[in-house]
Amino acid sequence: MGHTQRCAPAPGGSAEDSIFADSNDRLRTRSIACLSCPGLSEGLCVTANERWLRDRKYNPLRACVDVINQFFYVPFIQMGQCVLEVGCGSRSPIREHCLKVKAHWEGVDIAPEYMGRRTIATRLESVERLSFPSEHFDLVIGSQTLEHWKETGCRPECGLYQVFRVTKVGGLVLLNVPIYLHGSREFIYEDYGRIARLFEPYAAHIDLVAFRKRHSPFAPLHFLARYAPLSKRSAYVLDIRCIRADHLVAPDVRPLRFARRWLRELMDHDADYLLFKALRKLRIGLIGR
Ligand SMILES: C[S@@+](CC[C@H](N)C(=O)[O-])C[C@H]1O[C@@H](n2cnc3c(N)ncnc32)[C@H](O)[C@@H]1O
């Protein structure tokens with residue numbers, strides 16, 4: 001810790017919800033209640049919530065991700081900047097905004113397709129092997145991708161080293177993940193200590209901001225309702241906002257050894273969670289939900 005950096009509040013954000021506002025700590029955690037979130041007044045979340053109540057097919061956490069992109073990432077993007085989106089998938093409001101304000105957008109994804117549609121990536125590669133030069137981007141953004149890196153054979157610490165390497169010193173790295181939903185164990189179990197430790201070697205400042213954790217006026221989302229240890233936990237989105245540190249040290253870890261995804265998951269999760277997941281898959285296969 002020790003290195004403190006001050007950064008302007010997010011353009012458009014209220015003073016209370018400012019990003020990296022005066023703080024003497026390198027790590028800060030807080031949550032933005034739905035009641036005070038700009039997404040509520042825009043109606044985005046209300047519509048998402050209604051769709052969820054109607055057919056349970058649309059995950060309302062998606063609305064949080066849209067709000068985060070629109071109100072908390074986009075305002076940082078200025079004309080002429082270089083922006084990288086990691087795990088960009090097949091649609092990106094960030095890319096659309098970059099086109100509009102004449103910022104340069106690059107996207108990487110490990111897969112050529114996401115949800116049956118071609119990814120919009122400009123380079124098909126894993127974050128673990130980013131082919132861009134060091135300190136190239138003003139901003140690196142990634143929505144709902146970090147929690148999946150282990151599944152695709154990438155150690156998060158190696159992917160994060162690459163993400164910070166290609167970011168300019170003092171530039172922003174903005175990654176959001178779901179909590180209590182799916183992916184690597186630190187995200188399923190809301191392990192802030194472990195999440196922060198992943199970022200600490202590369203970040204001068206880390207801000208962990210929870211969206212929909214204080215979910216009123218909406219009902220809590222218990223996606224893991226049948227998994228006893230987490231059955232009462234409401235899923236939410238964690239936005240991880242970092243400032244790139246001056247000096248980076250490459251992680252001293254071995255690459256993931258297991259070729260098969262299920263073997264990697266076996267190493268990452270507890271037996272009870274794996275059993276729960278297997279039973280859930282079986283249930284979906286048999287009765288469709
Ligand atoms: C849940 S999708 C999110 C896509 C997009 N960001 C969005 O919000 O719609 C996760 C994406 O991360 C990508 N991904 C997973 N592991 C990756 C890795 N190691 N390197 C690059 N992309 C990865 C997947 O292929 C997928 O497109």
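Values for this structure:
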quantity	calculated
Scan of the stretch 71-80 for residues that are more than 12 Å from the ligand (Cβ to nearest atom), in contact (Cβ under 8 Å) with a residue 24 or more places away in the chain and closer than 30 Å to Phe223 by Cα, ordered by number	Phe71, Phe72
Any chance Val83 is under 23 Å from Cys158 (Cα atoms), more than 8 Å from the ligand (Cβ to nearest atom), among the β-branched types (Val, Ile, Thr) and in a strand (DSSP E or B)	yes
Output for the stretch 109-139, where each listed residue is surrounded by 12 or more Cβ atoms within 10 Å (Cβ to Cβ) and of a type in the set (A, V, I, L, M)	Ile110, Ala111, Ile120, Ala121, Leu124, Val127, Leu130, Leu139
Per-region count, the stretch 91-129, residues under 21 Å from Val67 (Cβ atoms), under 16 Å from the mean Cα position of the chain (by Cα) and at pLDDT 95 or above	4
Residue, farthest from Cys82 (Cα to Cα), within the stretch 124-138, restricted to residues that are among the hydroxyl-bearing types (Ser, Thr, Tyr) and either free of Cβ contacts under 8 Å to residues at least 12 places away in the same chain or more than 9 Å from the ligand (Cβ to nearest atom) (or both)	Ser131
Within the stretch 28-69, helices (runs of 4 or more DSSP H) holding 1 or more residues that are out of contact with any helix residue (DSSP H, G or I) (no Cβ under 8 Å at 6 or more places or on another chain), more than 16 Å from the ligand (Cβ to nearest atom) and over 22 Å from His182 (Cα atoms)	38-42, 44-55
Set Ile141, Ile120, Ile94: member being within 13 Å of the ligand (Cβ to nearest atom), part of a strand (DSSP E or B), of a type outside the set (S, T, N, Q) and in contact (Cβ under 8 Å) with a residue 12 or more places away in the chain	Ile141
Residue list for the stretch 190-205, filter: in contact with a Phe, Trp or Tyr (Cβ under 7 Å, 6 or more places away or on another chain) and modelled with pLDDT under 95	His205
Any hit, the stretch 100-111, residues being within 14 Å of the ligand (Cβ to nearest atom) and farther than 30 Å from Asp191 by Cα	yes
For Arg155: the one exception among (1) of a type outside the set (Asp, Glu); (2) within 11 Å of the ligand (Cβ to nearest atom); (3) without any contact (Cβ under 8 Å) to a residue 40 or more places away in the chain	(3)
Count - residues of the stretch 179-212 that are among the charged types (D, E, K, R) and buried (at least 21 other Cβ atoms within 10 Å of the Cβ)	3
Failed item, numbered, when Arg56 is tested on (1) in contact (Cβ under 8 Å) with a residue 40 or more places away in the chain; (2) crowded, with 17+ Cβ neighbours inside 10 Å; (3) basic (Lys, Arg)	(2)
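The values are calculated or read from the model by the stated rules, or taken from the named source; none is laboratory data. Source: prediction; values computed, not measured. Virtual Cβ from ideal backbone geometry, glycine too; neighbours counted across all protein chains shown.
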